[in-house]
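A.B. asks: Below are the structure tokens for one structure; questions will follow.
The values are calculated or read from the model by the stated rules, or taken from the named source; none is laboratory data. As the structure is a prediction and not an experimental result, all values here were calculated from the model. Backbone-built Cβ (ideal geometry, glycine too); neighbour counts: all protein chains shown. Areas reflect the complete protein model, heavy atoms only, side chains present, ligands, DNA and RNA absent. Shrake-Rupley method; radii C 1.70, N 1.55, O 1.52, S 1.80 Å.
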Amino acid sequence: MLSPSEGDIPLVALSGQRVSELRSRLGWAVVRAIYDGLSDFQRRRLEGMGFRPFLRLEELAPDVALIQALKERWDPECHAFLFPWGHMIPMLEDMVRITGLRVDGQAVTGVTYTSYQEPVERLLGLEVRGERSSLVQRTALQASLGVANARHWTGENQVEYMVRLTEDARAVLAEEEGVAADRDLWRFLTLVIRKLILGTRGDPVGCRCLPLLEDLPSVGSYAWGAALLTHLFDSLGTSSRETGVAGFFPLLQVWAYYHLPSLGRGVARRRGAVPLLQRWQFCRDERSLRRQVTLIHDILDTVPFGHVRWTPYVGENDAAQPWVERGRPYFGRDIWLHCFNTVIPLHHRIVARTLGLHQAVVEFPTRQRPWERPGRSFRGIQQVREQLDDWEKRGKEVVSEATSDEDYFRAYARRYGAKVYKGTRRPLDPEGRISSLEGILHSTIQQQDDLQGVVDQLRAELDRAQQMVGGASSSREDPGRSEQELRTALARTTTLEAEMAELRLRPEAAEVTRWRKAAEEASRWCQEAEAAARWQQEVEEAA
């Protein structure tokens, strides 16, 4: 499958003339070679754990520009991508169909140790980098599995390279069941989980998963696919100044191929293959990385709403994907995702269209504390227990009583208009201009409705204040109280009149009319462009 060596792709440095290339210290080829070097009984054990579909995936060349462009559209407050047509998120169904990893079972969580030296020495037979560390050297872990030298030799092609690595691994791996075979499996699972499934930046390999791996028969009971999605979301939520994505980035890549076909970044290569990642290959692009990212942003800004595929898996043969059937009870639900001490909400209700439902207006989540990284849970043992209960109960099923998406789109435009409706970068694209104007139009209409409600409320309060002034001036029972009420009412009246004057300066119906005319003009432009395109096509056919 792919080649996320580190599970980390150092992406582009867009500020300079030169851009960094994708560097892979540990390629998927190394993992596949070790897997092929395992004895048959070891591969059967991995199959029983549910890892076989994932480990048999073939390499997918990374689309660095696409991953970078998607990262820049990620909003860490609602844990979703922001596009002109609304929120979008890779869901548990996307994860299980694309990778084949299970999402049903126990949550991947547990106790965090201050030092992993004892379990690393006992289970892996290796040393950690420091007394209070969970890291081991990648080269030492590789060497313990027989792959000490993972570099290509001069003149060696890919087939020869894979044969050599497989033979090197087979020479040191145990051929019979026993303590040595268990140790091989602990080492291999640590490499797979911490460098691919939960890939991290940097060369060392983290061993925080060892407590869950110690009981090998129970390893397959954990929802490693859900942990993968959690880790990926957490990585997307890092600072925008970081130009890398840790984790299993091909999930994002193939997810975009299915849901955003207008990008044209992937090519279908193998019909009917499962998991679905097997069906795609990256369409090579010789343009500079900076240029590719810019073009992807342009397409995302201008793609017609109807070209987005919300339900791309309709008609799939699920009988050939048993991992999908096992995970189905978790699909289409709001649920907390777990990956050790990282807990992230999966807000399926903000992408109800992926279920074939109309999208209802929802209260968009916001960050609790400005100093916390979004998605992480630091609010005590009780909340963690509630989140674990939520996972075991399979969350809350998403339903929608909405009859159209219009109200959702207006609320979305009002909330995110400044982020997603920036205008097209390509003035010759009429559909892009229309999309941008529609977004601004919705935002302006909604703003006008909100302001009208405020104006009505202020008018009512002003009437009450004026009545109070009149009543206080005519009252003779309590002169002291009447004078105080009069002063209060006069001050309130002055404040309300100032607020009313300020509201008159804000956009009103004339502003909406102007945007509507601009949208109609863009629509006519679009029709003329389509007519010209048809005429040109007819001329070419005639020629």
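A.B. asks: Taking the alpha-carbon set of segment 196-351, what are its Rg and Dmax in Å?
C.D. replies: 17.7, 52
A.B. asks: Which order do the peptides 401-410, 62-71, 35-44 take when ranked by the mean count of other beta-carbon atoms within 10 Å per residue, highest first?
C.D. replies: 62-71, 35-44, 401-410
A.B. asks: A follow-up question, please. Go through segment 217-232 residue by residue and turn each phi into a ³J(HN,Hα) via Karplus (6.51, -1.76, 1.60, θ = phi - 60°); whole Hz please, and just put x for glycine and proline.
C.D. replies: Working through the residues one at a time gives x, 9, 4, x, 8, 9, 8, 5, x, 5, 5, 4, 5, 4, 5, 5 Hz.
A.B. asks: Then there's this: For segment 189-330, what is the accessible area per residue in Å² when the probe is 1.4 Å?
C.D. replies: 36 Å²
A.B. asks: With r defined as the distance between the Cβ atoms of Leu216 and Arg287 and R0 fixed at 60 Å, what FRET efficiency is calculated, to the nearest 0.05?
C.D. replies: So the FRET efficiency works out to roughly 0.80.
A.B. asks: Please list, short to long, the whole-number percent of alpha-carbon pairs of segment 206-296 in consecutive 5 angstrom bins beginning at zero.
C.D. replies: Binned Cα distances yield the sequence 2, 10, 14, 18, 19, 15, 10, 7, 4, 1.
A.B. asks: Something else now. Could you please state, rounded to a whole Å, how far the C-alpha centre of segment 143-179 is from the C-alpha centre of segment 322-347?
C.D. replies: 36 Å
A.B. asks: Under the rule of at least 5 residues apart or a separate chain, name every residue whose amide H is placed under 5 Å from the amide H of Met88.
C.D. replies: The answer is Phe81, Phe83.
A.B. asks: Averaged per residue, what accessible surface does segment 55-131 expose to a 1.4 Å probe, in Å²?
C.D. replies: Counting only protein heavy atoms, the per-residue value for segment 55-131 is 31 Å².
A.B. asks: Please list 145-152, 87-94 highest first by mean number of surrounding beta-carbon atoms within 10 Å per residue.
C.D. replies: Highest mean packing first, the order is 87-94, 145-152.
A.B. asks: Still on this structure, I have one more. Once the Cβ-Cβ distance between Glu461 and Lys393 is put in as r, and R0 is 51 Å, what FRET efficiency do you end up with, to the nearest 0.05?
C.D. replies: Rounded to the nearest 0.05, the efficiency is 0.65.
A.B. asks: Which far-off residues, 5 or more places away or on another chain, put their amide H under 5 Å from the one on Ala61, with H placed in the peptide plane?
C.D. replies: So Ala61 has HN proximity to Phe282.
A.B. asks: Here's another thing I want to ask about it. Can you return the lysines within cross-link range of Lys419? Criterion is Cα-Cα under 19 Å, with same-chain partners fewer than 8 residues away left out.
C.D. replies: Result set, ordered by chain and number: Lys71.
A.B. asks: Let me ask something additional. With the crude spin-label approximation of a point 7 Å out along Cα→Cβ, what separation in nm comes out for Lys517 versus Val179?
C.D. replies: Going from the Lys517 label point to the Val179 one covers 8.7 nm.
A.B. asks: So, with +1 on the Cβ of K and R and -1 on the Cβ of D and E, and no other charges, what is the size of the charge dipole of segment 223-293 about its Cα centre, to the nearest 20 debye?
C.D. replies: Roughly 400 debye for segment 223-293.
A.B. asks: Kindly rank 182-195, 320-333 from highest to lowest mean number of other beta carbons found within 10 Å of each residue.
C.D. replies: So the order, starting with the most tightly packed, is 182-195, 320-333.
A.B. asks: Given R₀ = 56 Å, what would the calculated FRET efficiency be for Trp153 paired with Lys419, taking r from the Cβ atoms and rounding to 0.05?
C.D. replies: Once the sixth-power term is evaluated, E becomes 0.65.
A.B. asks: Right, another one. Take the Cα atoms of segment 93-194, find their three principal axes, and give me the spread along each one in whole Å, biggest first.
C.D. replies: That works out to 47, 40, 29 Å along the principal axes.
A.B. asks: Val314 versus Arg170, label points 7 Å from Cα toward the beta carbon: distance in nm?
C.D. replies: My value for the distance between the label points is 4.8 nm.
A.B. asks: Next question, about the same structure. Enumerate the calculated ³J(HN,Hα) couplings along segment 454-466 in order (Karplus 6.51 cos²θ - 1.76 cosθ + 1.60, θ = phi - 60°), each rounded to whole Hz, writing x wherever the residue is Gly or Pro.
C.D. replies: Calculated HN-Hα couplings, in order: 5, 4, 4, 5, 5, 4, 4, 5, 5, 4, 5, 5, 5 Hz.
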